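A short write-up of the structure that comes next.
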Amino acid sequence: MKKFLPLLLLALANIADAQVTITAADLPVAGDTLRYSEMDPFALSINLADIGPNKTWDFSAVLWSNTQGVDEYKTVMQVNPIYAAVLSASAYGYKVADTFGAGQGGIPLPIPLPVNITDVYTFYGKKSSPNRFVAEGFAASVSGTGIPAAYNDEDELYYLPLAYGNYDSSAYRLRIQIPTLGTMVQDGYRKTWVDGWGTIKTPYFTTPVNCIRIRTEINEIDSIQVAPLPAVGIPRIAVDYKWLVPGEHYPALWVS
């Protein structure tokens, strides 16, 4: 047995080394310009139940691009200096939608609005005690006027560092007062599991790279109240799967 013990220890050490962790250094920063490719999720032939330790996720033959886009992370001051009166100067984010409620690609609302809401941004930040990555602010242009809002209860996307077996959950709340219109409220609850680790291969990552997989459940109610009418809300339930790679500021694969 002594003859094989060093080989066994070496194998165990190699497995341990492959179990990566994701820290704040592996997440987006202000100034990032992150390019991504999109495809119809219904065309994916991916087994989302393939989880656990030491997995080999090879998606190189089942992924292709329908469209491409860019997420450009900008500081509050870069987007609109007046937002700094409400949002943290260290916050940074990207445009999540061109419009609210109207136009192709717009975020749907439960009722039509008498105003135009465009250039919709979510702003993020890296926090400590405990270490976490959060959505801390929202901003949009309402009929040409910039309206910022800080989360009443921040949306904790990740508690850091992320490692296999981690689980966390948290509530969040955002209330946006829109002058001459009313109030928009977003109440939600997020659950996050790190349910796998291994290597991933894609048309971009042609050589397998170490990664972890994250599964997130989001239960949310988006409501809007236009005085004197009562509030109207719509529920949103989503499940996100992300494969994160150390040193990359964008998921190697994101299935929603």
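The values are calculated or read from the model by the stated rules, or taken from the named source; none is laboratory data. The structure presented is a predicted model; accordingly, all values stated were derived computationally and were not measured. Note that each Cβ is placed from the backbone with ideal geometry, even for glycine, and that neighbours are counted across all protein chains shown. These area figures cover heavy atoms from the full protein model, side chains too; ligands, DNA and RNA do not enter into them. Shrake-Rupley method; radii C 1.70, N 1.55, O 1.52, S 1.80 Å.
Brief remarks on what is shown
- Anisotropy class of region 142-204 from Cα gyration tensor, a/c 1.5 cut: prolate
- Electrostatic bookkeeping for residue 234 treats Lys and Arg as +1 and Asp and Glu as -1; over the other residues with beta carbon under 13 Å from its beta carbon, the sum is -2.
- Dipole magnitude of the chain, debye to nearest 20 (Cβ charges: Lys/Arg +1, Asp/Glu -1, about Cα centre): 560
- Here the gap between residue 143 and residue 219, fully extended at 0.36 nm per residue and compared with their Cα-Cα distance, gives a gain of 24.4 nm.
- In the chain the longest region clear of chymotrypsin sites (Phe, Trp or Tyr not before Pro) that are loop-assigned by DSSP and have at most 12 other C-beta atoms within 10 Å covers 65-256.
- Once exposed loop trypsin sites (Lys or Arg not before Pro) are cut out (DSSP; at most 10 other Cβ, 10 Å), longest piece of the chain: 4-256
- Residue 60/residue 88 FRET efficiency (R0 45 Å; Cβ-Cβ; nearest 0.05): 0.65
- Taking 7 Å steps out from each Cα toward its Cβ at residue 46 and residue 98 produces label points 2.6 nm apart.
- Fraction of accessible area attributable to carbon and sulfur, the chain (%, probe 1.4 Å): 56
- Debye intensity ratio in log₁₀ form over the Cα atoms of the chain, taken at each q of 0.07, 0.14, 0.18 Å⁻¹: -0.29, -1.05, -1.54
- Rough spin-label spacing in nm, given labels placed 7 Å along Cα→Cβ, for residue 23 and residue 189: 3.4
- Looking at the chain, the accessible area is 53 square angstrom per residue; that uses a 1.4 Å probe and ignores ligands, DNA and RNA.
- Principal-axis analysis of the Cα atoms of the chain puts helix 5-18 at an angle of about 10° to the longest axis.
- Two-site label geometry, residue 77 and residue 206: point separation in nm, points 7 Å out along Cα→Cβ: 4.2
- Helical contribution to [θ] at 222 nm, DSSP H n ≥ 4, -39,500 (n - 2.57), averaged over the chain, rounded to 500: -2000 deg cm²/dmol
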